[in-house]
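Data block below; observations after.
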Amino acid sequence: MARIALNHVTKEYSGANIVAVDDVSLEIEDGEFLVLVGPSGCGKSTTLRTVAGLEDATEGDVSIGQTRVNGLEPRDRDIAMVFQNYALYPHMNVRENIGFGLRLATDMSKGEIEERVEEAAGLLEITDLLEKKPKALSGGQQQRVALGRAIVREPQAFLFDEPLSNLDAKLRKQMRTEIARIQEQLSVTSIYVTHDQEEAMTMGDRIAVMNDGKLQQVGRPNGVYNHPANLFVAGFIGSPSMNTITAEVTEDNGDVELRSTEREALTYALPAEVGDDLDLTPGDTVTIGVRPEDVRVAVSPNAFDSQSHETTVDVVEPLGSDNLLYLALGETTWTARVPPSFEPPTNETAYLSFPPEALHLFDERGETVKSRVLTDPSTSTRMTAVETDRSQSEARR
Amino acid sequence: MAEQQSVPTTAAGIPSDAYVGKEPDDQGKARLESLPISFEMLLLAPSILTLAVLSIVPLAVMLWLSVMEVNFTPVNEQIFVGAENYVEMVNDGGVWNAWQTTVVYVGGSLVLQLGLGVLVAVMLHRVIKGENVFTSIVIMPMMIAPVVVGLLWQFLLDPSFGLYTYLVNQLGLFTNRPILGDPDSAMTALILMDTWQWTPLIVLIVLARLKGIPEHLYEAARVDGATGFTQFRYVTLPLLKPAIAIALLLRSMDLMRYFAKVFITTGGGPSNTTKIIGLYVYEQSLRFFNLGYGAAVGLFMLVVTVLMGLVFVETIMGGAGDDE
């Protein structure tokens, strides 16, 4: 077990003139499960491969435990990796596949290797598959074997490179819990790369969001969800994505209002107790963000105590447990997650409302000015712009 | 089946309009199923017919000839002799001599071609820039007709003006004896000649397979602790087995019936040291016109070739194809 640290790591492909990883600094504590999440091509896999030693960092240091590992071959780093396409050796059976690393890298006797393989197979419930070739296994079984190959080595760290992307949705959820269970049981430091924000939210002790090779934010899943550091993180984490609309700050007799730049789509009167905490000057352009679950919808404006905004229901998507409403707000479409019993008629006027606590505001550069304040005191600590700044600086550390 | 389709489907008592029948193209298939032979056989029929005319008929004629004694003079006659030709073959020292020569020739060529072929393929695979150019250059000898290769090498090894003879002479070797005329060196020269021409085939087959080995297997092996050599030993080589089996099969069958280059260069000499079995069959059948005896030896040669092919496929490919 070991701590992994990346210190200002940059990976540049000079031939193609691409900066895949741009000055990333990150610390993964001993035994921690960190999920690196981001859209395709954001550099998350390259970051992982730099830790694995399959790529060399152009600049910066990578260390595992007390050792700086730059320039070391993967075999000298004492890590195990699980690949997206499993990468099982097709000519070896499951037993040989799992034991291969031990056979090559250690001087263990055949009996000892056998024992370790059996143990790992037991943990993964694949004991009855040991004599089979990978070709005869299903995707889920193959991925279990790949996990077994990693576990059996008892390495300092596990590196997962989108291990569940090739599985179907149901199996993916099952394996997700499985991996989390095994990681917790073995408490081996793990880095898990995925493009699936749901996977990130559910699995990670902490998640690190990347975009364009840069680290955007690091934090606990709920922290990142409720207090995204910037507009990118806000849009990327959460499904359906956060609703956003660009607005201008206006002031009228001391009352601050946010008027959408697109004419008449939305005008939001900012309550004084919220507006006073924020550093907003009339004329500023901001982006309003609201999570779909925070949007309330009714067919009549009288249903709300506070302000409401006119909209049109475009589509109703029943999910069983909820209904998703697609609402036209000028040219923008917003999504609302409402109870399944509420199914307003489509193409007719409805009214939406959201409380000031649910409001996210982002400045012109996309940085967070205000994030959501949860009303449930048990799950939240009131966190405002100041604290969000701190989590950003943690991300950059 | 058709009946099942027309009945509305219910699952657990709930009517459903889900289509539960077979795929829509079933009916066309049913029509095909009424044919006396399978659709696959129907597609294969033209090539089977062609093969029958070109291969199976000559084979039958050969079988027939192998139990006959055929004389052209003084009158054209065919006498049934039963197994006599085969008995004669067993007692003929010339045949066994030819087989020994063949084993040396085939074995030497296979080992050399396979070793070099895999080596060159692995090297070519690692070339990043201009791989296509290098590959094209490497495979050039393969494009030349065997007879032309024989003539070319005869020219190069000519005792008085051959380039290779000149080069070897510079090393102080073969200064007073011709390379192809020396019992000690003629076979080596023939093996090198064939290796020169046919290693590229093995390179091509192995290279194609190498390109099909996914990069992530090597990455997994590197993480698992493999060095460059152990990667080759435990990942590359086992995965190359099917390609190697195919290459061996093609080359061994080809080498077994080899004739052209030997005929052109040494003609089986000096003193029969390069008289391989193919040449022996040619001599018996078409030079001495012992058609019956030649057919018997040729048939035995066919049996050996088939058996050898089977051994390669079974042992190296391990029943073929379950490595994927």
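The values are calculated or read from the model by the stated rules, or taken from the named source; none is laboratory data. Since the structure is predicted, the reported quantities are computational estimates derived from the model, not experimental observations. As a convention, Cβ positions derive from the backbone with ideal geometry for all residues, glycine included, and neighbour counts pool all protein chains shown.
Take the residues in the stretch A:36-94 that are acidic (Asp, Glu) and within 14 Å of chain B (Cβ to nearest Cβ); name whichever of them is nearest to residue A:3 (Cα to Cα).
Here the residue is A:78.
Determine if the stretch B:170-191 includes at least one residue that is within 17 Å of the chain's Cα centre (by Cα) and either within 25 Å of residue B:141 (Cα to Cα) or free of Cβ contacts under 8 Å to residues at least 60 places away in the same chain (or both).
Yes - at least one qualifying residue is present in the stretch B:170-191.
Of the conditions (1) in contact with a Pro (Cβ under 8 Å, 6 or more places away or on another chain); (2) buried (at least 21 other Cβ atoms within 10 Å of the Cβ); (3) more than 9 Å from chain B (Cβ to nearest Cβ); (4) closer than 22 Å to residue B:230 by Cα, residue A:143 fails just one. Which one is it?
All conditions pass for residue A:143, except number (4).
Could you grab me the full set of residues in the stretch B:163-216 that are part of a helix (DSSP H, G or I) and either on the phi > 0 side of the Ramachandran plot or within 14 Å of another protein chain (Cβ to nearest Cβ) (or both)?
The answer is B:209, B:212, B:215, B:216.
Output the residue which, of all residues in the stretch B:260-288 that are among the charged types (D, E, K, R) and surrounded by 16 or more Cβ atoms within 10 Å (Cβ to Cβ), is farthest from residue B:302 (Cα to Cα).
Within the stretch B:260-288, the match that is farthest from residue B:302 (Cα to Cα) is B:261.
Against the definition (in a helix (DSSP H, G or I), out of contact with any Cys (no Cβ under 7 Å at 6 or more places or on another chain), of a type in the set (A, V, I, L, M) and surrounded by 15 or more Cβ atoms within 10 Å (Cβ to Cβ)), how does residue A:164 come out, yes or no?
Judged against the criteria, residue A:164 is not a match.
Please state which of the following conditions residue A:107 fails to meet, knowing it meets all the rest: (1) of a type outside the set (Lys, Arg); (2) more than 10 Å from every other protein chain (Cβ to nearest Cβ); (3) under 27 Å from residue A:194 (Cβ atoms).
With (1) of a type outside the set (Lys, Arg); (2) more than 10 Å from every other protein chain (Cβ to nearest Cβ); (3) under 27 Å from residue A:194 (Cβ atoms) applied to residue A:107, the lone miss is (3).
Find all pairs meeting these conditions: Cβ atoms under 6 angstrom apart; at least six residues apart or on different chains; first residue within the stretch A:226-238 and within 18 Å of residue A:333 (Cβ to Cβ); second residue aliphatic (A, V, I, L, M).
A:234/A:242; A:235/A:242
Is it true that some residue in the stretch B:235-256 is within 14 Å of another protein chain (Cβ to nearest Cβ), crowded, with 20+ Cβ neighbours inside 10 Å and not in a helix (DSSP H, G or I)?
Among the residues of the stretch B:235-256, not one is within 14 Å of another protein chain (Cβ to nearest Cβ), crowded, with 20+ Cβ neighbours inside 10 Å and not in a helix (DSSP H, G or I), which makes the answer no.
List every residue pair whose Cβ atoms lie under 7 Å apart, where the two residues are 6 or more positions apart in sequence or sit on different chains, the first residue falls within the stretch A:12-23 and is assigned by TED's automatic domain parsing to the domain that holds residue A:38 and at pLDDT 90 or above, and the second residue, located anywhere, is of a type in the set (Ser, Thr, Tyr) and part of a loop (DSSP other than H, G, I, E, B).
Final answer for the pair search is A:12/A:58.
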